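Contents: one structure, followed by commentary.
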Amino acid sequence: MALLLRFVLLCGVADFARSLSITTPEQMIEKAKGETAYLPCKFTLSPEDQGPLDIEWLLSPADNQKVDQVIILYSGDKIYDDYYQDLKGRVHFTSTDLKSGDASINVTNLQLSDIGTYQCKVKKAPGVGNKKIQLTVLVKPSGTRCYIDGSEEIGSDFKLKCEPKEGSLPLRYEWQKLSNSQKLPTSWLPEMTSPVISVKNATTEYSGTYSCTVKNRVGSDQCLLRLDVVPPSNRAGTIAGAVIGTLLALVLIGLIIFCCHKKRREEKYEKEVHHDIREDVPPPKSRTSTARSYLGSNHSSLGSMSPSNMEGYSKTQYNQVPSEDFERDPQSATLPTAKVAAPNLSRMGAVPVMIPAQSKDGSIV
């Protein structure tokens, strides 16, 4: 009896499972960054599934630190695609009629943050089904640079390097010689699939153009390199030239500093001499100022005499102003000073003053 009951239950579960089923198998998808990922989700319904159709896509981030996020939802004949901010505007249903049995989506412009497990859930009561898809976003190799590390001289050792700027691991490398003899040296063969080729005791046969191709599961990139193995340069002459050039530069700098210092000292000396001349040499006196000072002193002497004391003095006419020539010429003819008797001024309280006489030519003596 118990065995029969168990058989009936198993049959009922099987019938329920066949009511709604997702035909797309679980799978892993790898895409390159920037591309579009197609995530399939096909389903079939049975006549028993009479409830409203609900479709839901969830994302479980790869870092396992975030809870499952609803990224797009179909319910009540409406689409809601603004649940998850990181995928807003980049996730869409591929079918315009979801009731036809296609709940697949496209995720455009893939980013590394889109890596994770995507789950498609379809519900139409009483049927329910879900499938998971693992999405991996890889970065194509790009910005690959080929260069030579060392001196390209005969007999020297150097390295050929191939370095991509970015690219998801694992990366595969492939070297090829494109010019001259395309045969590669036997010693290089073990390193033709590595990012670095070590060259020992170089010869001119190694000269030519080489290519390096970098690949991963989602793309590839390539760079070119030109190798010219040349005879060793005259290092002694190069060193001597560098030393001589350095010495000449030092001499030139010394001359410039000396000239600047000398010019500065000359300017300082000229300023000091000019300043001393201004302080030591007084300005010359003009003839007009000399004459005016002479007349002023005479008028002040005459002004101290009263009209009553002027009667005993001769009234001399002052028609000329003494000139500098008269003061400078000691040999010019002069007349003796006319001595005029003056009254006794001491009794009047006045001070006697000597009045200059006038010569025949009108000059004052």
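If you take the square roots of the eigenvalues of the alpha-carbon gyration tensor of region 21-138 and sort them as a ≥ b ≥ c, do you get rounded (a/c under 1.5), prolate (a/b over b/c) or oblate? The partial results should precede the final answer.
On the way: a/c = 1.87, a/b = 1.73, b/c = 1.08.
The shape class here is prolate.
Given the peptides 94-106, 255-267, arrange them by the average over their residues of other C-beta atoms within 10 Å, most packed first.
Descending mean neighbour count gives 94-106, 255-267.
Using a basic spin-label model with each label point 7 Å from the Cα along Cα→Cβ, how many nm lie between Glu153 and Thr94?
6.3
Give the carbon-plus-sulfur fraction of the accessible surface of region 142-227 in %, rounded to a whole number; probe 1.4 Å, heavy atoms of protein chains only.
47
Add +1 for every Lys or Arg and -1 for every Asp or Glu among the other residues with Cβ under 14 Å from the Cβ of Asp68, and state the total.
Details: positive: Lys66, Lys121, Lys132; negative: Glu56, Asp63, Asp86.
So the surrounding residues net to 0.
Can you compute the FRET efficiency between Ser21 and Arg226 using 1/(1 + (r/R0)^6), with r the Cβ-Cβ distance and R0 = 45 Å? Round to the nearest 0.05. Kindly include the intermediate steps, with their values, before the conclusion.
On the way: r = 61 Å, r/R0 = 1.36.
My answer for the efficiency is 0.15.
Give the calculated FRET efficiency between Thr203 and Ile239 to the nearest 0.05, with a Förster radius of 35 Å applied to their Cβ-Cβ distance.
Plugging the Cβ-Cβ distance into 1/(1 + (r/R0)^6) gives 0.85.
Based on the mean of other beta carbon atoms within 10 Å per residue, what is the order of 201-212, 124-135, most packed first?
124-135, 201-212
Please find the FRET efficiency linking Thr246 to Ala32, where r is the Cβ-Cβ separation and R0 is fixed at 56 Å, and quote it to the nearest 0.05.
0.55
Calculate, in nm to one decimal, what Leu112 and Arg172 gain on full extension: separation in residues at 0.36 nm each, minus their alpha carbon distance.
Using 0.36 nm per residue and subtracting the Cα-Cα distance, I get 19.5 nm.
In whole percent, what relative contact order does region 142-227 give with Cα contacts below 8 Å and a gap of six or more residues?
Averaging sequence separation for qualifying contacts and normalising by length gives 36 percent for region 142-227.
The values are calculated or read from the model by the stated rules, or taken from the named source; none is laboratory data. Nothing here was measured: the structure is a model prediction, and the numbers come from that model. A quick note on method: Cβ atoms are made from the backbone with ideal geometry, for glycine too, and the neighbour counts reach across all protein chains shown. Accessible surface areas use protein heavy atoms only, side chains included; no ligands, DNA or RNA. Shrake-Rupley method; radii C 1.70, N 1.55, O 1.52, S 1.80 Å.
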